[in-house]
Amino acid sequence: YQDKEEVVLWMNTVGPYHNRQETYKYFSLPFCVGSKKSISHYHETLGEALQGVELEFSGLDIKFKDDVMPATYCEIDLDKEKRDAFVYAIKNHYWYQMYIDDLPIWGIVGEADENGEDYYLWTYKKLEIGFNGNRIVDVNLTSEGKVKLVPNTKIQMSYSVKWKKSDVKFEDRFDKYLDPSFFQHRIHWFSIFNSFMMVIFLVGLVSMILMRTLRKDYARYSKEEEMDDMDRDLGDEYGWKQVHGDVFRPSSHPLIFSSLIGSGCQIFAVSLIVIIVAMIEDLYTERGSMLSTAIFVYAATSPVNGYFGGSLYARQGGRRWIKQMFIGAFLIPAMVCGTAFFINFIAIYYHASRAIPFGTMVAVCCICFFVILPLNLVGTILGRNLSGQPNFPCRVNAVPRPIPEKKWFMEPAVIVCLGGILPFGSIFIEMYFIFTSFWAYKIYYVYGFMMLVLVILCIVTVCVTIVCTYFLLNAEDYRWQWTSFLSAASTAIYVYMYSFYYYFFKTKMYGLFQTSFYFGYMAVFSTALGIMCG
């Protein structure tokens, strides 16, 4: 900024403290606007529009390095209707957010006295702005001037601005919003260490099973090779060698199966790239940038989905590859957009700022049809041509083998339910931190932790599914594809169950809008995580 240059104070949104996502335009409450003429605001980015950022000009006259003595900027004619609006806001702990030079400032609307009969409005905004050279590096707001709300009176709103020199570097101006005591708590480190121990234990277990048991199995099978044909026919062969003629049989419903596998590979690629970008760039310093990055990366990684889904479908002998490509491309976008569409109806009914504008919806649909679909087609064609030929080491029998009776705990349904427990155990502490940064007012910035947890989750999932598949094949059940996918994907069910616990014991959310928002998007998050693990 030059000296005396205009500094704009944007009003963002106002809403109940306990419901982070339930926000309304600041001027939906009967606040009054300053005398200065308005500046039109536009949504800068797609992420901002989707996250319900509604910036409106406050009308306050602020100039760089120019102190303002306490001055009245407007007055509210308080009639019965306006008083009721303010009382409702104060009862529900409404607070508002403002921005100066992209730095967020929070303030509370008002407060009630102890017995809840009289309500007071804070009328005086005292701004202290720190500058370093010609840049703004620090903003503080103090709300003062408690005025009792009495119908049919005039309330004067006032403000003052004080500029002071600050030693904070421009690059570090967001550090005061981060909460290291919360995110770098001992428990956080301990949980990572704990998960690492589990990984070592699991990897040991898997290698032991594969080395020892398979060696014993091989020894047994090679001994049987030496017997003559008569003995071998009467011999009691059992174990995984029995299903060699059926183990490469295509899975049931190959179209859905390969679409899910393709989508899972894509979600994994997106998670990896977004976490790496977030570690390098501080994405939390810009409004909506995390979401914009994720949408962009998702669209760009569509060939991954096509490649893995298409090649798997071709190997399983699928014929309707165009249908598979469409389902694979639109599986995740349809799930996310469907949920958003339903929640959008409630947001429109509430007049919340989270209601997604029509133009933004059109933009997202265009990304799906003109970016994701063509790239998916490219990936599918590559996948079919490069690795679409089945190269199985043994022939598939013409007649499927009957599956023998087995113990109840070897049934695929039981294996699937048990498979998700260990992966969930390795991530659930991290889930707490991620949930808190999303549903409460913390900025998540420890992406290194998240990266470690993703790596741990991968290793644990791989180990668990290897063990599950070995047990299943040993019980002479060759239906391993869906079992191995679902035994990892069942992590999603546990995460969703944990989100119920989190809602009732860790948050104070209330109201239809926030509750449906929470459980809707938690379902999307859990499902995506499950498909990725699978």
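Remarks
- Of all residues making up segment 318-349, the number that are open to solvent by less than 70 Å² (accessible area, probe 1.4 Å), without any contact (Cβ under 8 Å) to a residue 24 or more places away in the chain and not in a helix (DSSP H, G or I): 0
To keep it simple, each residue is scored yes or no on (1) closer than 25 Å to LYS80 by Cβ; (2) modelled with pLDDT of 90 or more.
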| position | (1), (2) |
| --- | --- |
| GLY110 | yes, yes |
| ASP118 | yes, no |
| THR123 | yes, yes |
| GLU128 | no, yes |
| GLY133 | no, no |
| LYS176 | no, no |
| PHE190 | no, no |
| SER195 | no, no |
| VAL199 | no, no |
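- Criterion violated by SER259 - all others in (1) among the hydroxyl-bearing types (Ser, Thr, Tyr); (2) open to solvent by 40 Å² or more (accessible area, probe 1.4 Å); (3) farther than 26 Å from ASP102 by Cβ satisfied: (2)
- Close Cβ contacts (under 8 Å, 6 or more residues apart or on different chains) running from residues in segment 73-94 that are at negative phi and crowded, with 17+ Cβ neighbours inside 10 Å to residues that are assigned to a strand (DSSP E or B) and of a type in the set (Lys, Arg) comprise ILE76/LYS154; LEU78/LYS154.
- Of the strands (runs of 3 or more DSSP E) entirely within segment 17-126, those holding at least 1 residues that are over 29 Å from PHE170 (Cα atoms) occupy 68-78, 94-100, 110-112.
- The helices (runs of 4 or more DSSP H) falling completely within segment 412-505 that include 1 or more residues that are at pLDDT 90 or above, of a type in the set (Gly, Ala, Ser) and more than 30 Å from TYR17 (Cα to Cα) map to 412-419, 480-489.
- The combined condition, being buried (at least 17 other Cβ atoms within 10 Å of the Cβ), β-branched (Val, Ile, Thr), in the same structural domain as SER166 (by the TED database) and more than 34 Å from the chain's Cα centre (by Cα), is fulfilled by THR123.
- Top-ranked residue of segment 443-474 - restricted to ones that are over 19 Å from VAL416 (Cβ atoms), crowded, with 17+ Cβ neighbours inside 10 Å and not hydrophobic (A, V, I, L, M, F, W, C), ranked as nearest to the chain's Cα centre (by Cα): TYR444
- Qualifying residue in segment 74-81 (condition: β-branched (Val, Ile, Thr) and out of contact with any Pro (no Cβ under 7 Å at 6 or more places or on another chain)): no
Yes or no, residue by residue, for (1) over 28 Å from PHE193 (Cα atoms); (2) of a type in the set (Gly, Ala, Ser):
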site: CYS417; (1), (2): no, no
site: TYR441; (1), (2): no, no
site: MET451; (1), (2): no, no
site: ALA475; (1), (2): yes, yes
site: ALA489; (1), (2): no, yes
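- When segment 143-173 is limited to residues that are closer than 19 Å to ILE90 by Cβ and of a type in the set (Val, Ile, Thr), the one that is surrounded by the most Cβ atoms within 10 Å (Cβ to Cβ) turns out to be ILE155.
- Considering residues of segment 475-534 that are surrounded by fewer than 17 Cβ atoms within 10 Å (Cβ to Cβ) and small (Gly, Ala, Ser) only, the residue nearest to CYS337 (Cα to Cα): GLY520
- Boolean, GLU225 is open to solvent by 20 Å² or more (accessible area, probe 1.4 Å), modelled with pLDDT under 95, over 24 Å from TRP321 (Cβ atoms) and part of a helix (DSSP H, G or I): yes
Let's see how each residue does on (1) farther than 30 Å from GLU6 by Cβ; (2) acidic (Asp, Glu); (3) over 28 Å from the mean Cα position of the chain (by Cα):
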residue	(1), (2), (3)
ASP66	no, yes, yes
ASP79	yes, yes, yes
ASP84	yes, yes, yes
VAL87	yes, no, yes
MET98	no, no, no
LEU103	no, no, no
GLU117	yes, yes, yes
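- A Cβ distance below 7 Å, combined with a sequence gap of six or more or placement on separate chains, defines the contacts here; from segment 426-442, residues that are over 13 Å from HIS188 (Cβ atoms) and not assigned by the TED database to the domain that holds GLU22 reach residues that are open to solvent by 20 Å² or more (accessible area, probe 1.4 Å) and hydrophobic (A, V, I, L, M, F, W, C) in the pairs SER426/MET198.
- Which listed residue, of TYR313, TYR307, is assigned to a helix (DSSP H, G or I), of a type outside the set (A, V, I, L, M), assigned by the TED database to the domain that holds VAL378 and closer than 17 Å to PRO374 by Cβ: TYR307
- Residue within segment 405-419 that is of a type in the set (Val, Ile, Thr), crowded, with 22+ Cβ neighbours inside 10 Å and in contact (Cβ under 8 Å) with a residue 40 or more places away in the chain present: yes
- Whenever a residue of segment 211-222 is in the same structural domain as THR469 (by the TED database) and assigned to a helix (DSSP H, G or I), its partners that are open to solvent by less than 60 Å² (accessible area, probe 1.4 Å) and of a type in the set (Gly, Ala, Ser), lying with C-beta atoms within less than 7 angstrom and at least six residues away or across chains, give the pairs ASP217/GLY239.
- Residue match in segment 295-312 (condition: closer than 24 Å to ASN12 by Cα and surrounded by 14 or more Cβ atoms within 10 Å (Cβ to Cβ)): yes
- Filtering segment 506-528 to residues that are assigned to a helix (DSSP H, G or I), of a type in the set (A, V, I, L, M, F, W, C) and touching a residue at least 40 places away in the same chain (Cβ under 8 Å) leaves LEU512, PHE513, PHE517, ALA523, VAL524, ALA528.
The values are calculated or read from the model by the stated rules, or taken from the named source; none is laboratory data. Just so it is clear, the model here is predicted, and its values are computed rather than measured. Every residue, glycine among them, receives a Cβ derived from its backbone with ideal geometry; neighbour counts consider all protein chains shown. Calculation scope for accessible area: heavy atoms of the full protein, side chains included, ligands and nucleic acids excluded. Shrake-Rupley method; radii C 1.70, N 1.55, O 1.52, S 1.80 Å.
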